[in-house]
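Derivation of every value follows stated rules applied to the coordinates shown; laboratory data play no part. Treat the numbers as computed from the prediction; the structure is a model and nothing was measured.
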Amino acid sequence: MMTVDEAVLAVGASVHGIFVSNHGARVLDSAPGAAEVIENITKEAKGKVTILAEGGVRSAEAMF
């Protein structure tokens, strides 16, 4: 998942955990990485479900 809305739905469905991932969207230059969305997702789901994330860093420039 990549949005707060998806996290809210998952928590509401009583899942045990969520996986923050852009599903290999490296073919879409405009797609955000997991590192860009995880902060907002954890604000909503932290303490309610286990949160896992995956991803890579394409360039240091994207991090700053």
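See the values below:
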| quantity | calculated |
| --- | --- |
| For VAL20, distant residues with modelled amide H under 5 Å away | LEU52, ALA53, GLU54 |
| Difference of contour (0.36 nm per residue) and Cα-Cα distance, VAL4 to LYS43 | 13.2 nm |
